[in-house]
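Structure first, commentary second.
The values are calculated or read from the model by the stated rules, or taken from the named source; none is laboratory data. A quick note: this is a predicted structure, and the numbers were derived from the prediction, not measured. Glycine also receives a Cβ, built like all others from the backbone with ideal geometry; neighbour counts cover every protein chain displayed. Areas reflect the complete protein model, heavy atoms only, side chains present, ligands, DNA and RNA absent. Shrake-Rupley method; radii C 1.70, N 1.55, O 1.52, S 1.80 Å.
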Amino acid sequence: MAGWLAPPLMGAEIDESKLPPAATNQIDFVRDIKPIFEVSCIRCHGPERPKSGFRLDNRAAALKGGEDGVDILPGSSAKSPLIHYSSRLVPELEMPPEGKGEPLTRNQVALLRAWIDQGAAWDNAAPTNRFDITVSPIAGWTVVSGDNHKFREHYWRREGFDGGVEQFELFKQTDPDTKELITGHSLLNDYRVTLDLDRHDLGFLHTGWEQYRKYYDDTGGYYPPTGQFPQSLGTDLHLDIGKTWIDFGLTLPHWPRMVLGYEYDYKRGKEAITSWGSDGAGGDPRNIAPASKRLDEGTHIIKFDFDAEVKGVTVEDRFRGEFYNILNRANFSNQYGTFLGSATYQQPINYLGGSGAVSSIPISFQVQFGARFSF
């Protein structure tokens, strides 16, 4: 349904005899009206960029009307444009529009008429000012019988105590248009926190940080001819993998929807790089002694999204640029466990672009974008 009350219609006469009569029962908004709105109206007249600025997700906005006038006149359903449109008595303003939903039945229009005639009451139980906090603590202990390093590699967790806050959530709504939400969890070497601030018809800010730890086994392989048991580096091999991000969105009426974002992805720590191979026709195993590589990798990502609708044509554009910085250090040893040394190497780090191999030149530039049009 739309909040369109074009000037030529202001003085137009509506044949009220063609309207379905109002229902005679007492209307309950949740039982009788809300389902109609959810199925036939909220898709176009919800809080996110409502058509013609007309919203049907809360009473204050619904009674305020849209860009071209008031659509609901409490106590007077026969004069309410909402009823004229939903009864399909106004050419080119039938609601829902063709292809956007099934026309309302006479019984549904009758319920809407009775609801308006009875004052257009809303769900009184629905709070407009909420403050909720939810916290779910958790604790445990893990005992490993055997290779604890292999356990860590397979389950990405350490033996011993494990616990923290499995889930927390803080929600605040000061009015139907303003919402604040903080969510996340905090466990041993596993963290996440997000912040969402949303203001309808203005914009939003979404930001957050998350990090988890991936473990590796620090033990090499076993080669019988050496008579030695598998060697171990004697160190706790793990990578801390995480990212942080922030997105700014603009959702002003009559403006395209635009989102500008930044994200930083990273890996830091040591991972196992023990490899298995053969030397010549004899097939002697090599590189079975443990080896590791220190990683320090980061990716900067810039994002921009653009969505607009012009005369029924939807335009979407997506841009994503990435900058990489990589500085790694590898430790090598031979098949008998003898430490051979280390090497530090820096890969080409200045790069903007999409997927594919890193360019062989120090600095390269690439732009990727796409657009989609729908009618």
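Per-structure values
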{"quantity": "Yes/no for Pro74 being crowded, with 18+ Cβ neighbours inside 10 Å and not hydrophobic (A, V, I, L, M, F, W, C)", "calculated": "no"}
{"quantity": "Any pair with Cβ under 6 angstrom, 6 or more apart, that starts in the range 228-240 at a residue that is more than 15 Å from Gly269 (Cα to Cα) and ends at one that is open to solvent by 70 Å² or more (accessible area, probe 1.4 Å)", "calculated": "Pro230/Tyr222"}
{"quantity": "Conditions (1) in contact with a strand residue (DSSP E or B) (Cβ under 8 Å, 6 or more places away or on another chain); (2) closer than 30 Å to Ile273 by Cβ; (3) among the aliphatic types (A, V, I, L, M): number failed by Val144", "calculated": "(1)"}
